[in-house]
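Only one structure is covered here, and it is reproduced in the block below.
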Amino acid sequence: MSRAILVSMSSKRDDAIQQADRIIAKARYSAEDKLTLQAMFETIFDRLHSLQREPDAWEEAHLVQALGYMESGMCDRAQTELESCLLPTAQRPSWRETQIKKNPRRYTAARLRLRFEGFKAAMKVR
């Protein structure tokens, strides 16, 4: 192999390693980040309870995604999903809302909160 090809391959490998390092670094979140995220969840669940309503299809989809990301340790993505969950109806992309509404409803606020509380309890054990 020529020297240029070897240098190119080495450079690509180094880029891949650096990208993996950035991903791993993002996966490490402080306890404060996690507590902030938990507070966001609790605020949303408390708000739904005070309004005496279930999450609409948009909110449900984003809450489920946020819980999944939080359980996987991807706090930045969980926070993005929670922020999307809070979008006012008028600001939601209509094409995405149409897609979401095609999905069957599966989660009540109580079921989502139960899943969240289970996650919190599991985190205290660790």
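The values are calculated or read from the model by the stated rules, or taken from the named source; none is laboratory data. On a predicted model such as this, the values are computed, not experimentally measured, just so you know. So basically every Cβ, Gly included, is an ideal-geometry build from the backbone, and we count neighbours across all protein chains shown.
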Name every residue in the range 62-95 that is surrounded by 14 or more Cβ atoms within 10 Å (Cβ to Cβ), closer than 14 Å to Arg115 by Cα and of a type in the set (Gly, Ala, Ser), in order of residue number. Ala66, Gly68
Has the range 96-104 got any residue that is exposed (fewer than 10 other Cβ atoms within 10 Å of the Cβ), of a type outside the set (Ser, Thr, Tyr) and within 16 Å of Glu60 (Cβ to Cβ)? yes
Of the residues in the range 53-91, those that are touching a helix residue (DSSP H, G or I) at 6+ places or on another chain (Cβ under 6 Å) and among the basic types (Lys, Arg) come to Arg77
Selection over the range 1-46 where residues are at pLDDT below 70 and either in contact with a Cys (Cβ under 8 Å, 6 or more places away or on another chain) or more than 28 Å from Ala78 (Cβ to Cβ) (or both) yields a count of 11
Can you tell me which residue is farthest from Ala57 (Cα to Cα) among those in the range 112-126 that are assigned to a helix (DSSP H, G or I) and without any contact (Cβ under 8 Å) to a residue 40 or more places away in the chain? Val125
Please determine, by comparing only the residues of the range 112-126 that are exposed (fewer than 13 other Cβ atoms within 10 Å of the Cβ) and modelled with pLDDT of 90 or more, which one is farthest from Arg47 (Cα to Cα). Gly118
Do any helices (runs of 4 or more DSSP H) lying entirely in the range 22-111 carry at least 2 residues that are over 16 Å from the mean Cα position of the chain (by Cα), among the hydrophobic types (A, V, I, L, M, F, W, C) and more than 24 Å from Ala122 (Cα to Cα), and which ones are they? 94-101
